[in-house]
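Heads up, the thing below is written out as structure tokens.
The values are calculated or read from the model by the stated rules, or taken from the named source; none is laboratory data. Everything numeric here is computed off the predicted structure, so don't read it as measured data. With ideal geometry, Cβ positions are generated from the backbone for all residues, glycine too; neighbour counts draw on all protein chains shown. Quick note on the areas: whole protein, heavy atoms, side chains included, nothing else; ligands and nucleic acids left out. Shrake-Rupley method; radii C 1.70, N 1.55, O 1.52, S 1.80 Å.
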Amino acid sequence: MRVVTDPAAMRALSRRARARGERVAFVPTMGALHDGHLALMRRGGAGHERLAVSVFVNPLQFGPREDFRRYPRNTRRDAGLCRSAGCDWLFLPRARSLYPAGFATTVDPGPLGSRWEGAVRPGHFAGVLTVVLKLLHVVEPDTLILGQKDAQQAELVRAMMRDLNVPGRLDVAPIVREGDGLAMSSRNAYLDSGQRRRAAGFARALRAAAGAARAGERSAARLTAIARSTLRREARPDGVDYLALVEPRTFAPVRRLDRRSLLIAAIRIGRTRLIDNRFLNPGGRA
Ligand code: AMP
């Protein structure tokens, strides 16, 4: 595995490989790697001769009162995990090489960028799309691999690639969960043991709604009420930023579960923000 910090060197490696006819997969991350990230890497390993992984805690996507400074960083451990997952190139750009003096140009995510996550975190998706576009220009992968964990992010990246003629395909990998259902996240490390137990109730709340959907419930109001009551009882969140049933591509709210829809939610446990989502399928009889 090569560790690369210079964007021009990263691009040269990828271009040479592609000129040889090798296919390149790319997994962008913010590090503090866990099994969710590793599943994305394994997915990249299949069907591609080369796998690039980036680790970069992107300052542009954090709000002024968010956790940029305390976000977990452990490059040495991350490098070991990348190596064992079959990564060929670990790209570790320095902030000043991605954001040179005078940097001013950003991507406008459009209306979806200010809904749900974007409403709670103003400017977040502009920061995400800007860094993803930059990384895509550096790595020039055949396939970009993102996780369903950040469902709205994945749809915004899909829209950006379509709208801005970005070459390459997007592959979205399923959510990897802990044994008790909690979606893996680098931020789970912030939770103390009591909070960690409560956090498992978050996934159970989404599962309760999925169970009700399977049993035939189609009212979005009732499905979200079921999730909310399980959430209150089992996770006792310190805040619920949003909990909604939406159309999986546009994230527009749906009133009835007539086709596969996405239940999305963000909660706070202590100072830690957790997000999760689950596809609900209409079941039973209407
Ligand atoms: P992050 O390092 O949190 O920015 O995440 C990097 C990529 O890994 C993003 O595409 C995430 O959606 C994805 N990811 C993070 N956690 C998970 C998970 N539990 N399951 C699947 N993908 C994940």
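Kirkwood Rh and Cα-based Rg: tell me the resulting Rg over Rh for region 10-70, rounded to two decimals.
On the way: Rg = 14.6 Å, Rh = 13.3 Å.
So for region 10-70, dividing Rg by the Kirkwood Rh gives 1.10.
How large is ³J(HN,Hα) for each residue in region 52-67, as worked out from phi by the Karplus curve 6.51 cos²θ - 1.76 cosθ + 1.60 (θ = phi - 60°), to whole Hz, x for Gly and Pro?
10, 10, 10, 10, 7, 7, 7, x, 5, 9, 9, x, x, 9, 9, 9
Beta carbons within 10 angstrom, averaged per residue: use that to sort the peptides 20-32, 190-202, highest first. If you can, show how the numbers build up before the last one.
On the way: 20-32: 20.0, 190-202: 17.3.
Going from most to least packed, we get 20-32, 190-202.
Bins of 5 Å, beginning at zero and ending with the bin holding the largest distance: percent of Cα pairs per bin for region 192-286, please.
Histogram of Cα-Cα distances, whole percents per bin: 3, 15, 27, 23, 15, 10, 5, 2, 0.
Arrange the peptides 101-109, 262-270 so that the one whose residues have, on average, the most other Cβ atoms within 10 Å appears first.
Values: 101-109: 11.7, 262-270: 20.9.
Going by the mean number of other Cβ atoms within 10 Å, highest first, we get 262-270, 101-109.
Quick check: pseudo-label points 7 Å beyond the Cα along Cα→Cβ at residue 171 and residue 8, how many nm apart are they?
The modelled label-to-label distance comes out at 3.2 nm.
Given N residues in region 106-211, what is Rg(Cα) / (2.2 N^0.38 Å)? The partial results should precede the final answer.
Numbers: Rg = 16.0 Å, N = 106, 2.2 N^0.38 = 12.9 Å.
Normalised by 2.2 N^0.38 Å, the Cα Rg of region 106-211 equals 1.24.
On a 0 to 90° scale, report how tilted helix 75-84 is relative to the longest principal axis of the chain, with both axes built from alpha carbons and the result rounded to the nearest 10.
Between helix and principal axis, roughly 90 degrees.
Taking only the alpha carbons of region 51-98, what extent do you get along each of the three principal axes, in Å, biggest first?
36, 21, 13
What value does region 1-142 have for Rg/Rh, both radii from Cα atoms and Rh as Kirkwood defines it? The partial results should precede the final answer.
Working: Rg = 15.5 Å, Rh = 15.9 Å.
Dividing the radius of gyration by the Kirkwood radius yields 0.97.
Around residue 70, what is the net charge, scoring Lys/Arg as +1 and Asp/Glu as -1 over all other residues with Cβ under 11 Å from its Cβ? Intermediate results must be reported in sequence, preceding the final value.
Details: positive: 69, 73, 187, 271; negative: 66, 67.
Combined, the nearby Lys, Arg, Asp and Glu give +2.
Could you work out what % of the accessible surface of the chain is carbon and sulfur, using a 1.4 angstrom probe and leaving DNA, RNA and ligands out of the count? Don't jump to the answer; show the numbers that get you there.
Details: 6550 of 13650 Å².
Ligands and nucleic acids excluded, carbon and sulfur give 48 percent.
For the chain, with equal point scatterers placed on the C-alpha atoms only and solvent neglected, what are the log10 I(q)/I(0) values from the Debye formula at q = 0.17 1/Å, to two decimals?
-1.45
With n ≥ 4 as the cut-off for DSSP H runs, can you work out [θ] at 222 nm for the chain, using -39500 (n - 2.57) per run divided by the number of residues, rounded to the nearest 500? Can you show the working numbers first?
Values: 9 runs with 108 residues, N = 286.
My calculation for the chain gives -11500 deg cm²/dmol from helical runs alone.
Give, as ranges by residue number, the residues of region 136-156 whose backbone N falls under 15 Å from the point 7 Å along Cα→Cβ of residue 162.
152-156
With viscosity set to 0.890 mPa s at 25 °C, what whole-number translational diffusion coefficient in µm²/s follows for region 156-232 from Stokes-Einstein and a Kirkwood radius over Cα pairs?
Details: Rh = 15.1 Å.
Rounded, D is 163 µm²/s.
Ranking request for peptides 240-250, 204-214, 58-68: highest mean number of other beta-carbon atoms within 10 Å first, then the rest in descending order.
Values: 240-250: 17.0, 204-214: 20.4, 58-68: 14.6.
Sorting 240-250, 204-214, 58-68 by mean packing, highest first, produces 204-214, 240-250, 58-68.
How far apart, in nanometres, would the label points at residue 74 and residue 105 be if each is projected 7 angstrom from Cα along the Cα-to-Cβ direction?
Roughly 3.8 nm, to one decimal.
Going by amide H atoms built from the backbone, whose H comes under 5 Å of the H on residue 173, apart from near neighbours?
The answer is 146, 147, 148.
Rounding to the nearest 10 and keeping the result within 0 to 90°, find how far the Cα-based axis of helix 35-45 lies from the longest principal axis of the chain.
Helix 35-45 and the main axis of the chain meet at about 50 degrees.
Please turn the phi angles of region 93-105 into ³J(HN,Hα) values with the Karplus equation 6.51 cos²θ - 1.76 cosθ + 1.60 (θ = phi - 60°), one per residue in order, whole Hz, x for glycine and proline.
Once rounded to whole Hz, the list reads x, 8, 4, 6, 7, 8, 10, x, 3, x, 3, 8, 9.
If I fit a long axis through the Cα atoms of helix 220-234 and take the longest principal axis of the Cα atoms of the chain, what angle between them do I get, 0 to 90°, rounded to 10?
With rounding to tens, the tilt is 80 degrees.
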